[in-house]
1. Sort out which residues of region 98-122 are open to solvent by less than 50 Å² (accessible area, probe 1.4 Å), farther than 22 Å from Phe213 by Cα and assigned to a loop (DSSP other than H, G, I, E, B), and write them in order of number.
2. Could you grab me the full set of residues in region 285-296 that are open to solvent by less than 50 Å² (accessible area, probe 1.4 Å) and under 23 Å from the mean Cα position of the chain (by Cα)?
3. Report yes if some residue within region 60-82 is surrounded by fewer than 22 Cβ atoms within 10 Å (Cβ to Cβ) and assigned to a helix (DSSP H, G or I); otherwise report no.
4. Going through region 123-177 one residue at a time, which ones are in a loop (DSSP other than H, G, I, E, B), under 30 Å from Ile107 (Cβ atoms) and free of Cβ contacts under 8 Å to residues at least 24 places away in the same chain?
5. Quick one: in region 200-210, which of the residues that are open to solvent by 10 Å² or more (accessible area, probe 1.4 Å) and over 18 Å from the mean Cα position of the chain (by Cα) is nearest to Ala230 (Cα to Cα)?
6. Can you tell me which residue among Trp191, Trp238 is part of a loop (DSSP other than H, G, I, E, B) and within 16 Å of the ligand (Cβ to nearest atom)?
7. Go through region 27-59 and give me each residue that's in a loop (DSSP other than H, G, I, E, B), within 16 Å of the ligand (Cβ to nearest atom) and not hydroxyl-bearing (Ser, Thr, Tyr).
8. Tally the residues that are closer than 11 Å to Val308 by Cβ and not small (Gly, Ala, Ser), restricting the search to region 14-31.
Amino acid sequence: MNKFTCVADLGPLDRALAEAADIKRNRFAYTGLGRNRTLLMIFFNSSLRTRLSTQKAAMNLGMNVMVLDVNQGAWKLETERGVIMDGDKAEHLLEAIPVMGSYCDIIGVRSFAGLKDRDEDYEERVISQFIRYSGRPVFSMEAATRHPLQSFADLITIEEFKTKPRPKVVLTWAPHPKALPQAVANSFAEWMNATDYDFVITHPHGYELDPAFTGGARVEYDQRRAFEGADFIYAKNWSAYMAPNYGKVLSTDRDWTVDAAKMALTDNARFMHCLPVRRNMIVTDDVIESERSIVIPEAANREISAQVVIKRMLEGLPH
Ligand code: CP
């Protein structure tokens, strides 16, 4: 595997899930694979789970790991070609990328959407340049439009907790004070559409996602109706995708907060969120602390999803 940015890069999901289960049974079975190999993790944005789980996954495989926080201690990077670099950015990504590639075997990149220019964000300019110019296998640790390691961990978690072959999975928008990218929601929709689950999306009018990700999924604007009979509630905030409101917060209506009354409409659903989560905006304390909440095992599975991806990349490296 040379790149991992979307569900299609993983191939058949049943095989990937079997591999994840195998790694989870013995996550140290492949420690020889990464010997004398180096993973470089590059962060343009903050992280807790991705940083730790991906580093742990690489260490499980016997790799050396280097972490670069671009905004802390590195030269400020210019990402646009053709810019006269007379400002505060001292280095261009086009030199920085091959230099970074020369120090490692595999690269992970986190670079969020700027939420100012939809075309620029949806072109995925940063991770695309890493794929093109680094000369190394590259995986996304959340890019502008997708968060595939999260979605893979979400899928592993649903498979572990589901009690029926075709569960009803509901992706619900929930309020947040700041504008957030659509990446987690896009990606979750894309991965759920790749399964045969009964997948429903609910959000207020104006929060429609890019149909390239949601495909034929049912959109239900009445959140309570969407929750009826659900087996999994996946909460997430995202800012508006549709023009002319791209990147804007259109609502902070706390009537969309996931609470116990709404969870009571479900079929005893499990509560999921990628974390970090704003309590009593996205979800009430009692729901996230309830025994139906699986946010912690969901986060723990980030180690497993990362390990499957890095293992496959290591297996594809020339000897
Ligand atoms: N879910 C997730 O990606 O968490 P971090 O932003 O903390 O990495």
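The values are calculated or read from the model by the stated rules, or taken from the named source; none is laboratory data. Since this is a predicted model, take the numbers as computed values, not measurements. A quick note on method: Cβ atoms are made from the backbone with ideal geometry, for glycine too, and the neighbour counts reach across all protein chains shown. Just so you know, the surface numbers come from the protein's heavy atoms only, side chains and all, with ligands and any DNA or RNA stripped out. Shrake-Rupley method; radii C 1.70, N 1.55, O 1.52, S 1.80 Å.
1. The answer is Cys104, Asp105.
2. Of all residues in region 285-296, those open to solvent by less than 50 Å² (accessible area, probe 1.4 Å) come to 287-288, 290, 293-295.
Correct list: Val287, Ile288, Ser293, Ile294, Val295.
3. For region 60-82, residues surrounded by fewer than 22 Cβ atoms within 10 Å (Cβ to Cβ) and assigned to a helix (DSSP H, G or I): absent.
4. Within region 123-177, Glu123 is the sole residue that qualifies.
5. Pro204
6. Numbers: Trp191 fails: part of a loop (DSSP other than H, G, I, E, B).
Going through Trp191, Trp238 in turn, just one is part of a loop (DSSP other than H, G, I, E, B) and within 16 Å of the ligand (Cβ to nearest atom): Trp238.
7. Step one: of region 27-59, the residues in a loop (DSSP other than H, G, I, E, B) are 27-37, 44-48.
Now restrict to residues that are within 16 Å of the ligand (Cβ to nearest atom): 44-48.
Selection gives Phe44, Asn45, Leu48.
8. If we filter region 14-31 for residues that are closer than 11 Å to Val308 by Cβ, which is where we start, we get 15-24, 27, 30.
Filter once more, keeping what is not small (Gly, Ala, Ser): 15, 17, 19, 22-24, 27, 30.
Residues that pass the stated criteria total 8.
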